[in-house]
Amino acid sequence: MLPSSAPSLVQTHDLFSGKVVVIVPVFNLERSLEECLDSILRQSYQNFILIAINDGSSDKSLEILEKYRKKDSRIIVINQENKGVPNARNAGLNLAEKINGVEYISFVDGDDFINADFLNAHIETLEKTQADISICGYEKFGNVEKAEKKHFFLGRYLTQLDFLSMVFSYGEWKSTYGSGGMVWKHVYRLSTIRGSRFYDDREVVEDELFCVNIARLTKKYAYIPRLTKKYAYIPRNLYYYRISAGTLTKQNNIGKKLAIGRQFCLDGLEDFHGLSRDIILYSFLMSVRHFVVDGYDISNLKRYVKYVVMLYRRKMIDWKTAKRFLIFCYMPNLARKMYNVEKCIRKWKNHVKVFVKMS
């Protein structure tokens, strides 16, 4: 049974008319929620259902959601006790898979907003390319220190290798719009992700793990062309990501969450080969290094030595980086001291540069 607020299926006059479910997790977002909801409701592509999950908010977020639900029959509100973003998204997916006629899934965070052409551009791209996942660029707003100098990906299609490079911001994707494993810049065919769920643990960056699990299907169906997953790129910034004091990337334990999430990515490593496999390994080792530098302890770091040696032999990392990883593995306390000394030296050099310029 669907909630009483579930909309009836209606036909629209959109050129591409596949129904989209937009899943929005909400927790104490009364200051930004209306901007987010308005941006979704003003989409040029109108054939969508908005599933908002109030994740135990203690402010006026639920009141705002109910106000919008009464105004627009396409809005469904799920109210639950606080369980975290992964659980809220999974609740939205559970409901979306029960609604007849849904073809696409989109995720929008409740403190962000989207361009009015966000859904239309994604659905048009998916329909024209017959891709399973579309990816667009995004812009940061709010407490942004400086504008990022980036470029758009030159091709329209992404391979599995391109997709994983994007997820982990590897190579040219470090300076390419759309980089990162965040799912909110993607739109998915429901048939592609049906049954897939986010890892429900607040101590894990779940987006990267979700993307890697989806990419794994490419290998699984490699010998069945019609089932091989395709990725399409949209060279436009259509998503607006708010940077604030509570942003995940500004939390002190982001290194820990990345390391744990990427460690889970290693569980299915046998499904990847060549550079795709190496990128996952490289990203994991980089997160481990930052994790240890931040002062956390990881038991049995020596088990990762074989990965360090392998990546060095494949020229994914240079000898200096490999040596540092090995020191981390065998003598993490010494590695931390070395890092802190280098950090102090860099800081001192920057002060000297500033002093010279002023004088």
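Where helices (runs of 4 or more DSSP H) sit wholly within the stretch 256-354, those with at least 3 residues that are of a type in the set (A, V, I, L, M) and under 29 Å from the mean Cα position of the chain (by Cα) occupy 274-293, 305-313.
Given the stretch 147-220, what helices (runs of 4 or more DSSP H) lie entirely inside it while holding 1 or more residues that are in contact with a strand residue (DSSP E or B) (Cβ under 7 Å, 6 or more places away or on another chain) and closer than 21 Å to residue 84 by Cα? Qualifying helices (runs of 4 or more DSSP H): 190-193. Among the residues of the stretch 170-188, just one is within 26 Å of residue 24 (Cα to Cα), open to solvent by 10 Å² or more (accessible area, probe 1.4 Å) and touching a helix residue (DSSP H, G or I) at 6+ places or on another chain (Cβ under 7 Å), namely 182. Tell me yes or no: at least one residue of the stretch 228-236 is under 16 Å from residue 126 (Cα atoms), at pLDDT 95 or above, open to solvent by 10 Å² or more (accessible area, probe 1.4 Å) and not hydrophobic (A, V, I, L, M, F, W, C). Looking through the stretch 228-236, at least one residue is under 16 Å from residue 126 (Cα atoms), at pLDDT 95 or above, open to solvent by 10 Å² or more (accessible area, probe 1.4 Å) and not hydrophobic (A, V, I, L, M, F, W, C). Those strands (runs of 3 or more DSSP E) of the stretch 44-109 in which 3 or more residues are farther than 18 Å from residue 186 by Cα occupy 48-55, 75-80.
Comparison of 167, 204 shows that the only residue that is open to solvent by less than 50 Å² (accessible area, probe 1.4 Å), at pLDDT 95 or above and touching a Phe, Trp or Tyr at 6+ places or on another chain (Cβ under 9 Å) is 167. Residues that are surrounded by 18 or more Cβ atoms within 10 Å (Cβ to Cβ), out of contact with any Leu (no Cβ under 6 Å at 6 or more places or on another chain) and not aromatic (Phe, Trp, Tyr) within the stretch 129-139 comprise 131, 132, 133, 135, 137, listed in sequence order.
Looking only at the stretch 112-140, which residues are within 24 Å of residue 35 (Cβ to Cβ) and of a type in the set (Val, Ile, Thr)?
If the condition is that a residue be within 24 Å of residue 35 (Cβ to Cβ) and of a type in the set (Val, Ile, Thr), then 114, 123, 135 are the ones that fit.
The values are calculated or read from the model by the stated rules, or taken from the named source; none is laboratory data. All of these numbers come straight from a predicted model, not from anything done at the bench. Ideal geometry is used to build each Cβ from the backbone, glycine not excepted, and the neighbour counts take in all protein chains shown. Accessible surface is based on the protein model in full, side chains and every heavy atom, while ligands, DNA and RNA are left aside. Shrake-Rupley method; radii C 1.70, N 1.55, O 1.52, S 1.80 Å.
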